[in-house]
1. Every residue in region 99-108 that is more than 13 Å from L125 (Cα to Cα) and part of a strand (DSSP E or B), please.
2. Can you pull out every residue in region 39-60 that is free of Cβ contacts under 8 Å to residues at least 12 places away in the same chain and more than 25 Å from D93 (Cβ to Cβ)?
3. Can you tell me which residue is surrounded by the fewest Cβ atoms within 10 Å (Cβ to Cβ) among those in region 66-89 that are touching a residue at least 40 places away in the same chain (Cβ under 8 Å) and in contact with a Ser or Thr (Cβ under 7 Å, 6 or more places away or on another chain)?
4. Please verify whether V96 is within 16 Å of the chain's Cα centre (by Cα), part of a strand (DSSP E or B), over 19 Å from P36 (Cα atoms) and touching a residue at least 40 places away in the same chain (Cβ under 8 Å), treating the condition exactly as stated.
5. Residue check, N128 against (1) surrounded by fewer than 17 Cβ atoms within 10 Å (Cβ to Cβ); (2) part of a strand (DSSP E or B); (3) in contact with a Pro (Cβ under 6 Å, 6 or more places away or on another chain), all met but one. Which one?
6. For region 51-58, indicate whether the set of residues that are of a type in the set (A, V, I, L, M), at pLDDT below 95 and part of a loop (DSSP other than H, G, I, E, B) is non-empty.
7. Out of (1) part of a loop (DSSP other than H, G, I, E, B); (2) more than 18 Å from A30 (Cα to Cα), the odd one out for F74 is which?
Amino acid sequence: MFRVFCLLSVAFASTLLADESDSKVAAIQAVKDAAPKAEALTFGKEPTVFKTEAEAAKAFGDDALASLKKQVDFKNQIVLVFAWKGSGQDKLDYTVAESFPEQITFKLTPGRTRDLRSHVLVFALRSNVKWK
């Protein structure tokens, strides 16, 4: 009985340590100074997802890719690129639900001005995070 308890304790502790190492990487972070090339952008409601460095290399220029590599660990993170056209006052917000893995919900709030602007936002998400 004691051996079973010890084995279960070790298994539980190793599970906690694995979860702790995953949580060292932030659930979401904004990526600065790294925008894809204009011809690689897909404007619309759905973001473009880059899961590997090779996928990102096709869409980002050399300088932007270098900046992206400094901020993103592709082994543990994915990159979301939101690109849309709308009012200059448009805002893209997100909320993070307190769960493990976290759940991130993005929401676009349209602006009230009639000027048409292009918007591009780049985020890095931990690969096990659920988003919509």
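1. Pass one, region 99-108, residues more than 13 Å from L125 (Cα to Cα): 99-100, 107-108.
Scanning region 99-108 gives K107, L108.
2. Filtering region 39-60 for residues free of Cβ contacts under 8 Å to residues at least 12 places away in the same chain gives 39, 46, 54-55, 57.
Once the filter is applied, which keeps residues that are free of Cβ contacts under 8 Å to residues at least 12 places away in the same chain and more than 25 Å from D93 (Cβ to Cβ), region 39-60 yields E39, A54, E55, A57.
3. K85
4. Working: within 16 Å of the chain's Cα centre (by Cα): yes; part of a strand (DSSP E or B): yes; over 19 Å from P36 (Cα atoms): yes; touching a residue at least 40 places away in the same chain (Cβ under 8 Å): yes.
Criteria met by V96.
5. The number of the failed condition is (2).
6. Checking region 51-58: not a single residue is of a type in the set (A, V, I, L, M), at pLDDT below 95 and part of a loop (DSSP other than H, G, I, E, B).
7. (2)
The values are calculated or read from the model by the stated rules, or taken from the named source; none is laboratory data. Since we're looking at a predicted model, the values are computed, not measured. As a convention, Cβ positions derive from the backbone with ideal geometry for all residues, glycine included, and neighbour counts pool all protein chains shown.
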